[in-house]
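Asks: Before I ask anything, here is the structure I am working with.
The values are calculated or read from the model by the stated rules, or taken from the named source; none is laboratory data. What you see is a predicted model, and the numbers here were worked out from it, not measured in a lab. With ideal geometry, Cβ positions are generated from the backbone for all residues, glycine too; neighbour counts draw on all protein chains shown.
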Amino acid sequence: MRNFDGIHPTVQIGDGVVLGEDIVIGPNTIIYDNVHIGSGSRIGANVILGEPCSGFYASSAGYENPVLMIGSGARIRAGSILYSGSTFGDGLETGHRVTIREGTSAGLNFRVGTLSDIQGDCYIGDYVRLHSNVHIGQKSKIGNFVWIFPYVVLTNDPHPPSNELVGVEVDDFAVIATMSVILPGIRIGQDALVGAGSIVNRNVEPESVVVGNPAKKVATVREIKSKKDGGAVYPWRHYFDRGMPWQGIGYDAWLANKE
């Protein structure tokens, strides 16, 4: 075991681990081989980083752990498990007991809530927000600035059980409300809103509002008005900025500066 400032003496650190500056790691955390953690990260207790892939359990002889890349400023809370072979941009934040399988690629400021489960080979963009108890099926593709609320399931098996996996696609700025299920191969368009408790079995057009089982279009997001003052609330990026890169300046100004 190696000793670093800010790292609890019970932490186990494997070979090929690369740690940035100013890292804090809590008790009983295990960091397997070939994990890279960016500067300023905070890792809670009983976390597993670089969990070996299935090949290790089939035959550990000759197995080499794929690299797990975690960007700077990560906040990984107690009990979370991140498998080897994934990449996360700066600002990753997890709740407690989150599981993220191998082959996942996530961008900047990805936040995922307690007890969520992300299966392997998923692509996730920048500033995606997954709330607690979300299941993201293998081969899902999620764009930038997407909100997925508690107990949502993105499925991937069109004929369960089968060997065919067809992931869900969620485009930029889409919102999927609590308790919804998205069936395999479905695409949720940009700025679309899936209402709570919906079962989505067909593609959702951009800016559409769909609800029900099966989900049907009932409006466009621009038709929805605030229950507080009757004003517009969608597309949400023009009316909400907390934690977003346009916080304090507005989306249009941010976009103009970015371009």
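Asks: May I ask you to say which residue of Val221, Val211 is among the aliphatic types (A, V, I, L, M) and in contact with a Leu (Cβ under 6 Å, 6 or more places away or on another chain)?
Replies: Val221
Asks: Also: Please go through region 46-96 and pick out each residue that is more than 21 Å from Val24 (Cβ to Cβ), within 14 Å of the chain's Cα centre (by Cα) and β-branched (Val, Ile, Thr).
Replies: Scanning region 46-96 gives a single hit, Thr87.
Asks: Starting from region 89-104, take each residue that is crowded, with 22+ Cβ neighbours inside 10 Å and list its partners that are of a type in the set (Lys, Arg) and outside any strand (DSSP E or B), counting only C-beta distances under 7 angstrom and pairs at least six apart or across chains.
Replies: Every condition considered, the pairs that remain are Thr94/Arg77.
Asks: Turning to a different aspect of this structure: All but one of (1) buried (at least 19 other Cβ atoms within 10 Å of the Cβ); (2) within 22 Å of the chain's Cα centre (by Cα) hold for Leu19, so report the exception by its number.
Replies: (2)
Asks: Checking Gly103 against (1) out of contact with any Ser or Thr (no Cβ under 7 Å at 6 or more places or on another chain); (2) in a loop (DSSP other than H, G, I, E, B), which test does it fail?
Replies: If we test Gly103 against (1) out of contact with any Ser or Thr (no Cβ under 7 Å at 6 or more places or on another chain); (2) in a loop (DSSP other than H, G, I, E, B), just (1) comes out false.
Asks: Of all the residues that make up region 152-167, how many are part of a loop (DSSP other than H, G, I, E, B) and either small (Gly, Ala, Ser) or under 14 Å from the mean Cα position of the chain (by Cα) (or both)?
Replies: Total meeting the criteria: 3.
Asks: Got at least one residue in region 137-151 being hydrophobic (A, V, I, L, M, F, W, C), without any contact (Cβ under 8 Å) to a residue 40 or more places away in the chain and either in contact with a helix residue (DSSP H, G or I) (Cβ under 6 Å, 6 or more places away or on another chain) or farther than 20 Å from Gln190 by Cβ (or both)?
Replies: Looking through region 137-151, none of the residues is hydrophobic (A, V, I, L, M, F, W, C), without any contact (Cβ under 8 Å) to a residue 40 or more places away in the chain and either in contact with a helix residue (DSSP H, G or I) (Cβ under 6 Å, 6 or more places away or on another chain) or farther than 20 Å from Gln190 by Cβ (or both).
Asks: For Arg42, state whether it is over 17 Å from the mean Cα position of the chain (by Cα), assigned by TED's automatic domain parsing to the domain that holds Asp121 and closer than 22 Å to Val128 by Cβ.
Replies: It is true that Arg42 is over 17 Å from the mean Cα position of the chain (by Cα), assigned by TED's automatic domain parsing to the domain that holds Asp121 and closer than 22 Å to Val128 by Cβ.
Asks: Name the single residue, out of those in region 235-253 being assigned to a helix (DSSP H, G or I) and of a type outside the set (A, V, I, L, M, F, W, C), that is surrounded by the most Cβ atoms within 10 Å (Cβ to Cβ).
Replies: Only one residue tops the list, namely Tyr251.
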